[in-house]
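One structure is given here, and the rest of the page talks about it.
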Amino acid sequence: MSLLSSEQVASTASVEDAVGQSRATREARIRRSYSRRSAIWWPPVIVFFLLIGIWYLIATYYDKVQGLPFLVPYPHLVITKGFLDPLFGPQLLADLGNSTQVALTGLAIAIVIGVAWATLMSLAKWLERSLFPYAVILQCVPILALVPLIGALFGYEFASRVIVTVMISVFPMVSNTLFGLQSADRAQRELFKLQGASKATTLLKLQFPAAMPSIFLGLRNAAGLSVIGAIVGDQFFQRGTPGLGVLIQVATARVNGPGTYAAILTASLLGIVVFLFFGWLARRVVGKWYDL
Amino acid sequence: MTTTAPAQPSTTLAAGTLLDFRNVAMQFPNGTIALQGVDLIVKPGEFVTVVGPSGCGKSTLLRIASGLEVASEGTATVGTKRIGYVFQDATLLAWRTVSKNVELLAELNGMKPRERAAKAQEAIALVGLGGFEKNLPRELSGGMKMRASLARSLTLEPELFLFDEPFGALDEITRERLNDELLKLFVEKQFAGLFITHSVSEAVYLSTKVIVMSGRPGTIVGAFDVPFPMPRDPDIRFTPEFGELVGEVSHALREGHN
């Protein structure tokens, strides 16, 4: 149905299209080569072994010179007497499960609250002006100061641990979602307005998709913080089925150096895994059209 | 003074007139007067180009015509609801493929998926983007993005097409090619056009009528009928008559500027 003759299409569009396409493929190639370069695996591995070496040096110092081997245990002891210890190992695994549960529950709630809060604020300038300060205030409140109150109100078990987790991780969700919802440019909004699109349609088809990269960025940060929240929550609320935070305290109290280190490493690993997972998820969902 | 909400077909509109601006003025809340005493009429079959320096209120003219702004004085009447609007940027949605982007306006108007897909396909072929339906905007050149943007508006089958310096950011070669194709679309689809640009030769080449504006406040300082017939031969750009008219418009533009 083209009104241009096929010959004209060939002559008018092909040059420019060829240019456009070759540029696109070239850019794709550049992107790919970049990611390949950044995926070179051996430098971090070398650093890893260097760190282990330094660890051995320090451990030797504490063992032979200071005579306090439990303060910095040898790495191999952390594995054999920590991770693989027949008593400590299973406990570590169970507590990892508990902490993961707290972190993910808190994160899920933080996502829901954060996105809802930000969406509400994006509806009108006056709503943003009314509600954003409280997100900042929540971020600024020292959690430690609230802990006795949270404990008294909600008990010293799961619920309170989750509340602390939510409080710590909700801010990046709120601020990133809001920023994302406002990131669609003016002309794009007007494009929707010209078609008489409702606020809901604009939110659904323009603002939310445009906000996805930013939301995922917030999600990644919130996920990391939720692990911190779960561990910190443990330190304060030790009843019920506590997780890694309590295990670290108990191991330290019992002068169990390898156990303490194994628990700390496990907690760190949980944070890293969660962080990497949401980075991967973000690339899966928006990586096609957005460079994360 | 009465202010008619734009995009509302008015009974006072002369038969067949698509756009009628009478003594339109625009003053923004911060006191800036963007337009003053603008009279402008666009009839079917006309392609009117407004040329003027940056910041002379040309874009405001389009925003009033489309209904994005309401004139603070005078009447602005639009005789159709089928208005196409092409922005300065392609304003494609980065997460949608070319075909999904072209479908967008029909989708917002509640057209059924199969129907709008067919419509989008037709528009994509019309602008010469066939074969790129599944590409994302980031994979397109600037010219191709503009084609997609054009196709998106074409799905509305506009009677009045508003262009806000759509090719301003493109290189000369791409711009001239798109000018040619726009003219072909104009001849084929028979919409009326109101085109904003700051390029005098583009204005003369595209239009049946060139309006010259001066800046701050934006007022019309000259109007030129372009006598060359449609469809236009691209080589018309190199004729003395064309050059003469470009000279006259440029002269009016410079006088208005001083």
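The values are calculated or read from the model by the stated rules, or taken from the named source; none is laboratory data. Predicted, not measured: the structure shown is a model, and the values here were computed from it. With ideal geometry, Cβ positions are generated from the backbone for all residues, glycine too; neighbour counts draw on all protein chains shown.
Observations
- B:SER153 vs. criteria among the polar types (S, T, N, Q), assigned to a helix (DSSP H, G or I) and facing chain A (nearest Cβ under 10 Å): yes
- Residue within the stretch B:119-135 that is surrounded by fewer than 21 Cβ atoms within 10 Å (Cβ to Cβ), within 11 Å of chain A (Cβ to nearest Cβ) and closer than 26 Å to B:ARG63 by Cβ present: no
- B:THR208 being among the hydroxyl-bearing types (Ser, Thr, Tyr) and surrounded by fewer than 16 Cβ atoms within 10 Å (Cβ to Cβ): no
- Search result, residues across the stretch B:222-247 that are surrounded by fewer than 16 Cβ atoms within 10 Å (Cβ to Cβ) and under 16 Å from B:VAL50 (Cβ atoms): B:ALA223, B:ASP225
- Residue match in the stretch B:87-97 (condition: farther than 27 Å from B:SER141 by Cα, within 13 Å of another protein chain (Cβ to nearest Cβ) and either touching a residue at least 60 places away in the same chain (Cβ under 8 Å) or under 17 Å from the mean Cα position of the chain (by Cα) (or both)): no
- Restricting attention to the stretch B:166-182, the residues that are within 22 Å of B:ALA65 (Cα to Cα) and part of a helix (DSSP H, G or I) total 1.
Residue-wise test of (1) of a type in the set (Val, Ile, Thr); (2) more than 14 Å from chain A (Cβ to nearest Cβ); (3) under 19 Å from the mean Cα position of the chain (by Cα).
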site	(1), (2), (3)
B:GLU181	no, no, yes
B:VAL212	yes, yes, yes
B:ILE220	yes, yes, yes
B:PRO229	no, yes, no
B:GLY243	no, yes, no
B:GLU248	no, yes, no
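- Within the stretch A:52-76, the set of residues being among the hydrophobic types (A, V, I, L, M, F, W, C) and closer than 19 Å to A:GLN249 by Cα comprises A:LEU68, A:PHE70, A:LEU71, A:VAL72.
Let's see how each residue does on (1) at pLDDT 90 or above; (2) within 32 Å of the chain's Cα centre (by Cα):
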site: A:GLN8; (1), (2): no, no
site: A:TRP41; (1), (2): no, yes
site: A:LEU51; (1), (2): yes, yes
site: A:ASP63; (1), (2): yes, no
site: A:GLN66; (1), (2): no, no
site: A:VAL78; (1), (2): yes, yes
site: A:GLY82; (1), (2): no, yes
site: A:LEU92; (1), (2): yes, yes
site: A:GLY97; (1), (2): yes, yes
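Let's see how each residue does on (1) closer than 24 Å to A:THR241 by Cβ; (2) surrounded by fewer than 15 Cβ atoms within 10 Å (Cβ to Cβ):
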{"residue": "A:PRO69", "(1), (2)": "no, no"}
{"residue": "A:LEU87", "(1), (2)": "yes, yes"}
{"residue": "A:THR100", "(1), (2)": "yes, no"}
{"residue": "A:ALA108", "(1), (2)": "yes, yes"}
{"residue": "A:VAL112", "(1), (2)": "yes, yes"}
{"residue": "A:LYS125", "(1), (2)": "no, yes"}
{"residue": "A:LEU131", "(1), (2)": "no, no"}
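- Out of A:ILE163, A:ILE150, A:ILE109, A:ILE137, one residue alone is part of a helix (DSSP H, G or I), out of contact with any helix residue (DSSP H, G or I) (no Cβ under 9 Å at 6 or more places or on another chain) and either touching a residue at least 12 places away in the same chain (Cβ under 8 Å) or of a type in the set (Val, Ile, Thr) (or both). It is A:ILE137.
- Meets criteria (more than 10 Å from chain A (Cβ to nearest Cβ), farther than 22 Å from B:GLU46 by Cα and either of a type in the set (Ser, Thr, Tyr) or more than 21 Å from the chain's Cα centre (by Cα) (or both)) for B:GLU172: no
- For the stretch A:280-292, filtering for residues that are more than 14 Å from chain B (Cβ to nearest Cβ) and either modelled with pLDDT of 95 or more or in contact with a Phe, Trp or Tyr (Cβ under 8 Å, 6 or more places away or on another chain) (or both) leaves 1.
- Of the helices (runs of 4 or more DSSP H) entirely within the stretch A:193-260, those holding at least 1 residues that are within 14 Å of chain B (Cβ to nearest Cβ) and either farther than 14 Å from A:GLN101 by Cα or of a type in the set (Lys, Arg) (or both) occupy A:199-202, A:208-236.
- Residue in the stretch A:58-66 that is in a loop (DSSP other than H, G, I, E, B), outside the structural domain of A:VAL162 (by TED's automatic domain parsing), touching a Phe, Trp or Tyr at 6+ places or on another chain (Cβ under 7 Å) and among the hydrophobic types (A, V, I, L, M, F, W, C) present: no
- Test: residue in the stretch B:128-144 that is of a type in the set (D, E, K, R), in contact with a helix residue (DSSP H, G or I) (Cβ under 6 Å, 6 or more places away or on another chain) and assigned to a loop (DSSP other than H, G, I, E, B): yes
- Taken over the stretch A:175-192, residues that are part of a helix (DSSP H, G or I), within 21 Å of B:SER59 (Cβ to Cβ) and either touching a Leu at 6+ places or on another chain (Cβ under 7 Å) or more than 8 Å from chain B (Cβ to nearest Cβ) (or both) amount to 5.
- Residues in the stretch B:183-203 that are under 14 Å from the mean Cα position of the chain (by Cα), farther than 19 Å from B:LYS43 by Cβ and assigned to a helix (DSSP H, G or I): B:GLU202 only.
- Pairing each residue of the stretch B:7-35 that is within 21 Å of B:PHE47 (Cα to Cα) and basic (Lys, Arg) with any residue that is crowded, with 18+ Cβ neighbours inside 10 Å and modelled with pLDDT of 65 or more, provided the two are 6+ apart or on different chains, yields C-beta distances under 6 Å for B:ARG22/B:GLY74; B:ARG22/B:THR75.
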